[in-house]
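J.: Have a look at this one.
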Amino acid sequence: MRPEAEELIDAVLDEADCIDDMIDAVREQREAMRRRDTEAVNALMDETRDLSFEAQSQENIRSDIARRFAAKFSCEPVASSMASVMEQDERDEFNGAVDRLTQSVFVLKSEMMILTGLIDQHEQYTSMLLSEWRRLNGDMVSQSGTADFRG
């Protein structure tokens, strides 16, 4: 396998690994939300943010390697064009890596949609509880704005 192809495949797989780590963190965060473990949720939010920065770095590295590969082999820096100039063994491994990255991105998007939905539900539920609390609390406040503690 040519070193350029191997470097490109490794970059694609490194990015997929990073995204898979994000998927794990998001799933753990969702589970921590179910357990109402605020400390774990906050720690996992920090971890997810750090992994997001790492994924962006991995994407930039992969993009740079793809541009160099495309320039060297006179093709476009897109998967189908780069695969077309690869030898069969390189192409098979590259296409497998691209499929894995594509699947990882799809799963991450799905997990983020689920997490976003849970956060939205939590926000609506909290708003509803606060509204009800204000309504009930408002019945105990006199016109002067002080609480009425009489029976």
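No lab work stands behind these numbers, since they all come straight from the coordinates. Bear in mind that the values here come from a model prediction, so they are computed numbers and not experimental data. For neighbour counting, all protein chains shown are included, and Cβ atoms are generated from backbone atoms with ideal geometry for every residue, glycine included.
J.: So which of Ala66, Ala32, Ala43 is farther than 18 Å from Phe106 by Cα, of a type in the set (A, V, I, L, M) and in contact with a Pro (Cβ under 9 Å, 6 or more places away or on another chain)?
T.: Ala66 is the lone residue from the list that is farther than 18 Å from Phe106 by Cα, of a type in the set (A, V, I, L, M) and in contact with a Pro (Cβ under 9 Å, 6 or more places away or on another chain).
J.: Further question: Among the helices (runs of 4 or more DSSP H) contained in the stretch 1-92, which hold 2 or more residues that are surrounded by fewer than 16 Cβ atoms within 10 Å (Cβ to Cβ) and at positive phi?
T.: none
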